[in-house]
Structures are given as structure tokens and as C-alpha cells.
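Read-outs: derived from the displayed coordinates by stated rules, not from any lab. Only a predicted model underlies this, so the values are computations on that prediction, with no experimental measurement involved. Note that we place each Cβ from the backbone using ideal geometry, even for glycine, and neighbour counts take in every protein chain shown.
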There are 2 protein chains.
Amino acid sequence: MRALILAAGEGSRMRPHFSGPKPLIKLLGIPLIERNILSLRQCGIKDFFIVTGCYKKEIQDCLGNGERFNVNITYLDNPDWELGNGVSAYTFNRTYKENEKYIMMMADHIFNPDVFKSFVEQSNNITDEEILLAADKRLEKVWDLDESTKIKSQGDRAIKLGKELTDYDAVDSGLFLCTGALLNALKEAISNKQYGLTDAVNILASKGKVKLCFIEKDWVDVDDLESYVQAEKILLKSLIPAKDGAISKHINRKFSIPITKILSKTSITPNQITFLSFILAIISAFIFAFGNPIIAGLLAQLCSIMDGVDGEIARLKFLKTDYGGLFDAILDRYADFFIVIGMSYSLLMKTDSLPAFIICATVLTGIPMSMLIKEKYHAITGRAFVPEECDGIFRYLPANRDGRLFIIMLGGFLNLIPAALILLAVITHLQALARLVKLRKMI
Amino acid sequence: MRALILAAGEGSRMRPHFSGPKPLIKLLGIPLIERNILSLRQCGIKDFFIVTGCYKKEIQDCLGNGERFNVNITYLDNPDWELGNGVSAYTFNRTYKENEKYIMMMADHIFNPDVFKSFVEQSNNITDEEILLAADKRLEKVWDLDESTKIKSQGDRAIKLGKELTDYDAVDSGLFLCTGALLNALKEAISNKQYGLTDAVNILASKGKVKLCFIEKDWVDVDDLESYVQAEKILLKSLIPAKDGAISKHINRKFSIPITKILSKTSITPNQITFLSFILAIISAFIFAFGNPIIAGLLAQLCSIMDGVDGEIARLKFLKTDYGGLFDAILDRYADFFIVIGMSYSLLMKTDSLPAFIICATVLTGIPMSMLIKEKYHAITGRAFVPEECDGIFRYLPANRDGRLFIIMLGGFLNLIPAALILLAVITHLQALARLVKLRKMI
């Protein structure tokens, strides 16, 4: 499937706050239009057509032919961009292939990334006479309702659209799955001197040919400073995985998300953050061994927080790689090993060596078990390990990394290192044993 | 696809050595016919037809309706079994469905299990007028050539078959992929009072309709005591994986295969052997800590050998399960941990505690790395980790389990425990580091 992105307008309302064309305004480190290209690329779209008008040269200079993003970009120039966005949308007629379905979106609308995947998958659900429009029925959640194009719907069809509509129940989010029917409607509207995209969509709506796909995730039309801030919020919120450890969810993300917001604006890579988190762990280990356990514990928690940041930056800036996942997983294990060795060393210096030795060995052998069982299960069965299914009641044990580092932090903070180590030893092995017992009946 | 197994004969040549019908003679713990059913089940065949004659009741009593093996078994009685095996093969005509292709084999032929998979996959390579016959061109490797049915071939076609053929270049291994053409030929042969299967196959061969599939792995017609022993050898040899660690290949398998041969005749399960191997490790650990390092080292090596036996028994007796693979992987890690802790404890008692502590911690953290990286790589990329590709020159490091336990054995045997531990520490972490560097460019 090919995609058309409309980027011809002037975006004057952003002028007081940002210089240059609106599609090129950086949001969390990436220009608005580039983010939309990369989001669609994740859905398998490789061929992009960008309609330029007001800022033709600037946009072309910034994005080039798409090689940098591993996609193909073709520019459709629209000298009449001032007439209305219907004229811009109609430029696709120059390249349209018969019976083709294509994605059309605005360069400056920002969506929770989950929206794209499910939307693109709908392409088989419309006929060649229809178009599909992503619409939002959650009116209380729509940003800047006044400025939005409203929709009066009936079932999953739009009856009428318009900015000034008073009787409406949904809002047009500016993301379309189009067919030749739209180009025909645009031609008809333009020949009647109606230059807005909404004019053409209304022609189709009056025939019952505008199908609606109601989205459940947030989006915003980035039009002014407030909506820009809202777009940042939407993207940052989308970084929190649906399934997250308890400590991660309730503590770490509160810190990692603001850190990610700051770091996204720099050129630091996820692997560099992974390495930084590893260095923090080594420092924590040394301070546990030779210095103040409170500082060491806090550093361990910071290491845990930074362990979230690398993944957040990777998802936010489309920098996720297979190697990054592996590098992170292995360095995390080493980080934990160092911290536990540092804690044990401090014990060894203060107490009898044998108990310290035994406790250290038990924790060190327990730490990799969580990941070993999970990954082996995945490799053998071909299915991801789902704690809710495979761990039963033991899924509440804080034996995963966020839980383990929290226990370490508490151990340092409360100066209860032996207790923290014993607790780690017990829960890591208890989790492994519970999994071996539970999985016996499952697989 | 359905399968027909011919088990109607008397098998008189086995009489002096075994009582009961030949198809039910146990070979490495499993009756011959049951092994063939289970081998074909691994290729996805679920519906079996067994032709009985001489030992109708005994075979039915033993195999039942197949529920025990998770397959369906139907019996085709052949009261005229004494006439010849063509009559037995023709009983399938009672159930034959038009245009069907089916597997036909002798109950008492034993193959290297690899033969079945590639043979069954050939079903699309013959037309409805042809049959496919697994033939062996490696005449020097054929067991009891005198008793075999010889084949004169031309390219991949049989021209003539017969026991008494003098001009031949291959041997019939008794495994067929059949079509209705065989049943027609059988009908024709029987009406001419030619009751042998070879008679019907010759009718097709004379028309160029017998395609040959030349097998490269061993097989044997179990007909007397010598061929029974040969069948045991073929199966045991097939248990050695193509890719095996150096220590495993050159040392461990020399012991594990004979142990497997003995244990296969008992009802011990692979998981019980896994657990036994784990217990051996714990005993080794205790002896390292408190007793004689030579005995402890030898026990560690025995643990390594038994680590091969569980898998061999699982493959040999069709007892491989997902859980078994997981259970083995996790218990192996625990076994290694215990042994290293035992070794470190002995160091701790004799020397300064700090170096012992550091060495122990370094080895304990190194041990799981090999598996962690391999499984994480598999989970992330969806491809199995291939040391030849991913390890480069470092694939020669004895950092996998067979190598590690061999170092431990040597450490105990030569009373060089500190050296063994230091070596383990170095090679395990060196392998992990090398993988992180190498994979960075690969994935």
C-alpha cells in the first residue's frame, strides 16, 4: 500500500513559537511529518507521496528521497495550496493506479502509534466505491473541539461532515484509507469550486460511502503551542507498556518518562543509555562495597529507572533493533550481578565469610533464572511467556528486574543489606521452582 | 496421508531367539511395529492400517486401536497370508479412496529416523500412475544382501526387481509411497497367481512407473539375531546429533550411548534421568566441598554424560516433550551452580576468603551467559543460534556445558581447583563478550 501525506499548508498559528514549516517542527526529537512516515513504515508502508505547497523546498531538503528512512518519497507539488486541502489531496490523481487503496493523512496530526496498525489492516473492509475515515467518538477527549471537523454518523457511516456542524457525534481525525472514489469526488467538488477535502468527503458521505473506523486511542491536530504540548503527552503516555511490572509501573515510569522527554531531544541512542545504566550499576556496586549504602541503593534504583529509558527512547524514536534488545538483556544481567557482588562484599568484610559467600552465591544463581525460563519457554514453545498464564499466584513475587532492584534499593536505603540479599535469594529461586512446577502441567 | 503396515508373516527365522510374533519383538524398549508407527506419527501420519495374518490376535492385543499412541489403527485381516505379501498389500483395496497416496512399509524394517521425514515429503513428486520406492544404492552398506530384493535401475526408475537378480545396482528397502496403480498391479498379479509384492511392483517397473528415492541413511530388515543387533546399532548411532560439542562428541557419547542402550530397556523416563543427573551434580558438589576432588570431578563428568542420556532416551523412545527440554535446561544450570559452589567452598576453607569469593562469583555469573545469549537471540530474531555463524573463532572455546564440565572434571582429577575455576571464569565471560561484539554486526 502507498501513502499520501498532505503537507502543503502554511501552519501560521505555530509561527509565534517555531520558525520554519510546521511539518518539520521537532516533537520529542523528530519532525512531525517524519514521525508519521516512520509510524506508517512500521505498518509495512514503503512508498510515500508528500504534497508540498507553501514550504516545498524546506520539506524536500529535510526529507530527501526517503533513503535515510529506508522508504521511497515522491513529492507532489501543489502551487494552488492556498485554495484548500482538497486540491492537495487531488494531486495523488497524477500517480493513482486503478483499483488501488491508499492511506492519506495530514502531516501534522499526531496519533498514539497503536492507531496506525489497526487502521492500515482495515484495507480489505472497504469496497472500491468507499473510503474509510478514522473518527473519534470520545468527544470529551477530543483536543480543541471547536477547530475540529465534526461528523454526524449513523452506525459506521458518516452522513455529514463539517467544522460548523452543530448536530454531531464524532470527530474527523484526518486519517483516511482511500480509493479512486475519493479522487472522483475531489474532481467533482473542485469543478464546483469547492476546494476543501471535507467538500469531497461530503459528496461521498451523502451517498453512504464514507465508512468510519472509531479509534480508541488519543490523537491531536498539532496546530498551536497547547496542542504541541498535548502531542508530547500522548506520545510519552504511549510508551508505557500495557504489561509492566508493579514497581516499574508505579515508581520507575514516573521518572523514566520525564527523563525520556529530555533525552529524546538529544542524539543519545538507546544502546548508549543501556550502557549508561550499566555504568550506574557498577558505580552502585562499588559504593555498596566501599561506601554509603543509601547512595548505592538510590543508584541501583536509578539504574532500574534508566533500564526503562532505553526502551522508551527506542520506541519513541523508531530506534528499536534486535541487537539493542539483546544488548540490553545481557548488560542488565551483568549489572545485577555487579550490584549483588558489591553488596555481598560489604557483608564479607563485616561478618563471617561463609554466610556471605552462601548468600551471594544463592542470589547470583537466582538472578538469571527468571529470564532463562522465560526465554527457554519462548524458544521451545514458540510462544511468548505470559506471567499471568505461566506464573499463577507467584506472578506477584517481585522477582523480575524492577522488583529485584527495588529490594536492593530498600536494602541499601534502610541499611538492611543481609535482609535484602536473603529476600532476593528466596524470591528468585521460589519463582523458578514455581514455574517448573506450574509449567509441568501446562506444556 | 494414511499408512499401511504389513505384519502378516510368520518371521520363523527369529523363532530360536524370541518368542511371539516378530513385529512385537522389542528393540531398545519398543516393539518393531510400534517404532514404525511412532516414526510415521512424527511425520504427521495419524491413520494406520495393519495387515495381520499369522499373529492376528497377538498384534491386535498389543497395539489396540492406537489410542495409546494418539493415532487410529484399523486392522486388515489376511487369512491367505501364506500365499505371499502381495495378497497382504492388496487388502488395502478394501479401504482405498480414489486418487489417494499412501505410505506402505514392512513392520519389521528399521530405518534411521531421518529417512521417514524426507520420504513422506516426496508425495507430490509422483503421479497417480506411479509409485515411489525407497532404494539403497550403497550396496556395500546393505545388510544381508543375499536375502534382499535387488533392483536394476535406470536414472531414478526401477526397470526390474527380484531376489535372484544378478544384474542390479540398488536394493529395495521396503518403504513405499503408493497410489491406486499399485493396487491395480497387485490385482493383475494375483489373478495370474503371482502372490508376491515384488511381482506387482515388477508390472509397474516394466512400464517405467516405479520411481526410486535413493536413501543415504542406514536401515535393516530385522530377520535374524544379527540383523536385530544391527538395527540396535543403527538406532543408537542415529541418536548422535549432527552438531555436538567436541567433548560431547569425542568423550561423552562413547559412554552415554551404551548407557542409553541399557536404560532404553527399562521404563525410566527422560525427566527421571535429568533429575538423576542433577542429583549426581549435588553429590559431586558435596564431595568437592568436603571430600576427594578426584571422585567429585569424575562425578561431574558422569553428570555431563547423563545429560546426554536424557535426550537420547527421549529421541529413541519418542518421549520428547517441551517440558522435558525446559526441565533439562533449568536443572542443568542448577547442577552447574551447585558444583561450582562446592568447588569454591573447598577453596574458601583453604585459602583467603576474598579471592575464593571473587572467583566463585565470576564463574557463577559466567555459567548462564552462554544459554542466556543463545535463547534471547532465538526469541528476538526467531532464528536458532548457530555457533558457526554467531561465534566466529570463539566457537572453539569450551564454554558450553560439555566443555565446562570437562574443565571441572580435570580440575578435580588433577587437584587444580583454583585453576579450573579461573579458566571457567575467563572462558564463559570471554564467550559472552565475543558474542556481544560479533552479534552487533550481525543482527
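A label point on A:Gly392, set 7 Å along the Cα-to-Cβ line, lies at 4.6 nm from each of its counterparts in the other copies, closest listed first.
DSSP assigns beta bridges within chain A; of those with both partners inside it, close to 50 percent run antiparallel.
Counting every other Cβ atom within 10 Å of each residue's Cβ, A:Asp47, A:Asp199 order from fewest to most as A:Asp47, A:Asp199. Seen from all directions on average, segment B:1-133 presents a Cα convex hull projection of 8.3 nm².
Each of A:Gly84, A:Ala134, A:Ser123 was placed along the dipole of segment A:83-146 (beta-carbon charges, centred on the mean Cα), and the one lying farthest toward the positive end is A:Ser123. Expressed as an acute angle from 0 to 90° and rounded to the nearest 10, what is the orientation of the C-alpha long axis of helix B:293-316 relative to the principal long axis of chain B? Tilt relative to chain B: about 30 degrees. Annotation for B:Ser19 and A:Asp144: the two label points, set 7 Å from Cα along the Cα-Cβ direction, are 9.4 nm apart. DSSP assigns beta bridges within the protein assembly as shown; of those with both partners inside it, close to 50 percent run antiparallel.
Pairs spanning more than 19 Å between alpha-carbon atoms, out of B:Lys97/B:Lys117; A:Lys141/A:Lys211; A:Lys237/A:Lys261; A:Lys374/B:Lys249; A:Lys56/A:Lys265; A:Lys117/A:Lys320: B:Lys97/B:Lys117; A:Lys141/A:Lys211; A:Lys374/B:Lys249; A:Lys56/A:Lys265. Each Lys and Arg adds +1 at its Cβ and each Asp and Glu adds -1 at its Cβ; summed about the Cα centre, segment A:218-351 shows a dipole of about 440 debye. Averaged over residues, the count of other Cβ atoms within 10 Å places the peptides B:107-113, B:298-304 in the sequence B:298-304, B:107-113, highest first. Label-point spacing for A:Ala419 across the identical copies (point 7 Å from Cα in the Cβ direction), in nm and ascending order: 4.7. Per-residue ellipticity at 222 nm, computed for chain A from helices alone with -39500 (n - 2.57) per DSSP H run of at least four residues, works out to -16000 deg cm²/dmol. In loop segments of segment B:400-443 as defined by DSSP, there are no trypsin sites (Lys or Arg not before Pro) with at most 16 further C-beta atoms inside 10 Å of their C-beta. Only residues of segment B:186-228 count here: report those whose backbone N is under 16 Å from the spot 7 Å along Cα→Cβ of B:Glu10, or say none. Answer for segment B:186-228: B:224. For segment B:371-422, a crude dipole built from +1 on the beta carbon of Lys and Arg and -1 on the beta carbon of Asp and Glu, taken about the Cα centre, is about 120 debye to the nearest 20. Per-residue mean of foreign Cβ neighbours for A:427-438 is 1 (Cβ atoms of other chains, 10 Å radius). Using only the Cα atoms of chain A, build the gyration tensor, take square roots of its eigenvalues as a ≥ b ≥ c, and label the shape rounded, prolate or oblate: rounded if a/c is under 1.5, else prolate if a/b is larger than b/c, else oblate. Cα axes put chain A in the prolate bin. Using the alpha-carbon positions of segment A:317-435, Rg (one decimal) and Dmax (whole number) come out as 15.6, 51 Å. What share of the DSSP beta bridges in segment B:118-266 is antiparallel, in percent to the nearest 5? Looking only at bridges with both residues in segment B:118-266, the antiparallel portion is about 70 percent.
How would segment B:2-234 be classified by its alpha-carbon gyration tensor: rounded, prolate or oblate, with rounded meaning a/c under 1.5 and the a/b versus b/c comparison settling the rest? Rounded, because the longest to shortest axis ratio a/c is under 1.5. Mind running the shape call on segment B:241-442? Use the C-alpha gyration tensor, a ≥ b ≥ c as the square roots of the eigenvalues: rounded below 1.5 for a/c, prolate if a/b tops b/c, oblate otherwise. Oblate, since a/c reaches 1.5 and b/c is not below a/b.
With the label put 7 angstrom out from Cα along the Cα-to-Cβ vector, B:Val229 ends up 9.0 nm from the copy partners, going from closest to farthest.
Segment B:Thr74..B:His250, full-extension length gain: 58.9 nm, with 0.36 nm per residue of separation and the alpha-carbon distance subtracted.
As an equivalent ellipsoid, the protein assembly as shown spans semi-axes of 61, 47, 21 angstrom, where each value is the square root of five times an eigenvalue of the C-alpha gyration tensor, largest first.
The order of A:His17, A:His429, going from fewest to most other C-beta atoms within 10 Å of their C-beta, is A:His17, A:His429. Simple point charges give the picture: +1 on the Cβ of Lys and Arg, -1 on the Cβ of Asp and Glu, and for segment A:2-234 a dipole about the Cα centre of about 420 debye. Within the same chain, aspartates and glutamates fewer than 8 places from A:Lys317 are excluded, and of the rest, those with a Cα less than 16 Å from its Cα are A:Glu34, A:Asp114, A:Glu232. Sorted ascending by nearby beta carbons within 10 Å, beginning with the fewest, B:Arg41, B:Arg68 become B:Arg68, B:Arg41. A Förster distance of 35 Å, applied to the separation of the beta-carbon atoms of B:Lys207 and B:Asn65, puts the FRET efficiency at 0.35. Using 0.36 nm per residue and subtracting the Cα-Cα separation, the extra length available between B:Lys137 and B:Arg383 on full extension is 85.0 nm.
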